[in-house]
Amino acid sequence: MESKEYSWKWITASELLCPNQCELVDAHLVPDAAGTSTAEYYNGEDDQGELIIRTRIAASQHCDLHPAVPIYCRRGIYVKFTANVRGILVQWRELSSAG
């Protein structure tokens, strides 16, 4: 894949990143100084979708999500900040509707 086929975004609050089928490629969570940070990634357009993964990390560390293969999200990617997250850099690849 060429880099132009991927999207990325630095988010600082819960957000729908992609409303279409896509692949979650990578995420880098930066906690704030308040304590343990928690974020959730959903296959869907909101937090009512299928939970893909919940990450939890101490404030003194960061959390990288590097799946061995991209995670297929049939209904899009929604990221929910649940506690003490400064931001997350997320990378994904949108798939064609025919794919």
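The values are calculated or read from the model by the stated rules, or taken from the named source; none is laboratory data. A quick note: this is a predicted structure, and the numbers were derived from the prediction, not measured. Positions of Cβ are backbone-derived with ideal geometry, glycine not excepted, and every protein chain shown enters the neighbour counts.
Taking the residues in segment 61-70 that are surrounded by fewer than 18 Cβ atoms within 10 Å (Cβ to Cβ) and in contact with a strand residue (DSSP E or B) (Cβ under 8 Å, 6 or more places away or on another chain) as candidates, determine which candidate is farthest from residue 24 (Cα to Cα).
Out of the qualifying residues, it is 61.
Residues of segment 23-39 being surrounded by fewer than 18 Cβ atoms within 10 Å (Cβ to Cβ) and of a type in the set (Asp, Glu), which ones?
Once the filter is applied, which keeps residues that are surrounded by fewer than 18 Cβ atoms within 10 Å (Cβ to Cβ) and of a type in the set (Asp, Glu), segment 23-39 yields 26, 32.
Among residues belonging to segment 16-37 that are of a type in the set (S, T, N, Q) and outside any strand (DSSP E or B), point out the one that is modelled with the lowest pLDDT.
Applying the filter and picking the extreme gives 36.
For segment 38-78, what are the residues that are touching a residue at least 60 places away in the same chain (Cβ under 8 Å) and in a strand (DSSP E or B)?
77, 78
Considering every residue within segment 46-57, establish whether at least one is basic (Lys, Arg), crowded, with 17+ Cβ neighbours inside 10 Å and on the phi < 0 side of the Ramachandran plot.
no
Return yes when residue 20 is in contact (Cβ under 8 Å) with a residue 40 or more places away in the chain and over 12 Å from residue 85 (Cα atoms) and no when it is not.
In short, yes.
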